[in-house]
């Protein structure tokens, strides 16, 4: 292992190995481009990270001819959503009423999805991935970005030769650098991008529990209850994931009042959770997710591009964030592939990603803002929200709204070169080692 400054040349440097980053790397590697992906974490194992994919994700994977491959890995299909008020159902939405063929959500743990994408990408020797590697600065060539300066710690390094394995300072020189490093993007900060929208009114407090015996595992559940509003999602391995809707900053007050007070309110709303909370004595099992919505004004600078949550972060409501980011990754692959093909990677070319994705992203953000108004727990609106929600679901236009949120009207306009050939052999990953 060599401890020295190392220079790597790449066509594209991708910062962030989440679903959008790995999908982008896979698609570009398929076209023969030299791809280097940098991931600051040592592995894929992180909780509560966009594990629900919408029917539009299923549509997208089918378009790329990757659906059978992705679904050869452990997953749960969720065909419907049911909304309750005080434990009584007030709305049921079956996805097959919105779309034929891909009428379900797919629940994959993020490590499973990422390991599946990486397993596919490993087939291309021009795809390289470094874990445990943190970007520290941009390499600048005047006003143009020519790559990144990073620091690599010991960690797994994919598709590098044995004598290339290293730790220490690293210069990745690339014609295009893409920041896909999440809502707290390092690349956004280093590139001094301006934020056009920043919205944050609510939070979600996550925890998981073992599936009760009579729980319907294949349904999204949303509950308007006396004390809180709850989102219940099936989780692999016989567990249920629950998100408690809180107003911004409310969790700090809850912790001041203590765990016993909080447990009592949850159990009052959901008696089925009494056994789970019997042995909970502190807040360690809860994970707070800030429901921030952001939109970067201009996603592209010369040689530099932001996509996914780094460019257009959405809230968890509708569980559409990772699906939206992967859609942007596919469009980015199409733009860059054609840019390399035409030897035109100008700022105007990179700007095409935003111009092609702006409408769908803004549509989702606007729908989420409207949805959050129904989830408010302000004293007066709290009582009216379930009634308004119930009335709204019966309005003629509401089904079209659901369709826009969960499905894509037509396939993405991309080159046929991105469509994978059918794989006749099983690529199922039994054990994830990443």
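To keep it simple, each residue is scored yes or no on (1) in the same structural domain as residue 347 (by TED's automatic domain parsing); (2) touching a helix residue (DSSP H, G or I) at 6+ places or on another chain (Cβ under 8 Å); (3) assigned to a helix (DSSP H, G or I).
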position	(1), (2), (3)
241	no, no, no
251	no, no, yes
268	no, no, yes
279	no, no, no
282	no, yes, no
285	no, no, no
322	yes, yes, yes
* **Which numbered condition residue 203 misses (of (1) part of a loop (DSSP other than H, G, I, E, B); (2) touching a strand residue (DSSP E or B) at 6+ places or on another chain (Cβ under 7 Å))** => (1)
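Considering only residues that are buried (at least 21 other Cβ atoms within 10 Å of the Cβ) and under 20 Å from the mean Cα position of the chain (by Cα), which ones fall in the range 295-307? I'd like the intermediate steps shown before the answer.
From the range 295-307, those buried (at least 21 other Cβ atoms within 10 Å of the Cβ) are 296, 299-300, 303-307; that's our starting set.
296, 299, 305, 306, 307 - these are the residues of the range 295-307 that are buried (at least 21 other Cβ atoms within 10 Å of the Cβ) and under 20 Å from the mean Cα position of the chain (by Cα).
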* Asked: Going by the structure shown, is residue 340 more than 26 Å from residue 17 (Cβ to Cβ), in the same structural domain as residue 306 (by TED's automatic domain parsing) and at pLDDT 65 or above?
  -> no
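Can you confirm whether the range 87-96 contains a residue that is assigned to a loop (DSSP other than H, G, I, E, B) and crowded, with 21+ Cβ neighbours inside 10 Å? Break it down stepwise before answering.
Filtering the range 87-96 for residues assigned to a loop (DSSP other than H, G, I, E, B) gives 87.
In the following step, the residues that additionally are crowded, with 21+ Cβ neighbours inside 10 Å were identified as none.
No, the range 87-96 contains no residue that is assigned to a loop (DSSP other than H, G, I, E, B) and crowded, with 21+ Cβ neighbours inside 10 Å.
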* Asked: Quick check: is even one residue across the range 114-127 surrounded by fewer than 23 Cβ atoms within 10 Å (Cβ to Cβ), in a strand (DSSP E or B) and at pLDDT below 95?
  -> no
* When residues of the range 21-44 are filtered for being over 19 Å from residue 170 (Cβ atoms) and at pLDDT 95 or above, how many remain? -> 11
* To do: Starting from residues that are more than 21 Å from residue 106 (Cα to Cα) and touching a residue at least 60 places away in the same chain (Cβ under 8 Å), keep the ones in the range 315-338 and report whichever is surrounded by the most Cβ atoms within 10 Å (Cβ to Cβ).
  => 332
* Structure fact -> Filtering the range 335-351 for residues that are part of a helix (DSSP H, G or I) and either out of contact with any helix residue (DSSP H, G or I) (no Cβ under 8 Å at 6 or more places or on another chain) or over 13 Å from residue 302 (Cα atoms) (or both) leaves a count of 9
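The values are calculated or read from the model by the stated rules, or taken from the named source; none is laboratory data. Nothing here was measured: the structure is a model prediction, and the numbers come from that model. Note that we place each Cβ from the backbone using ideal geometry, even for glycine, and neighbour counts take in every protein chain shown.
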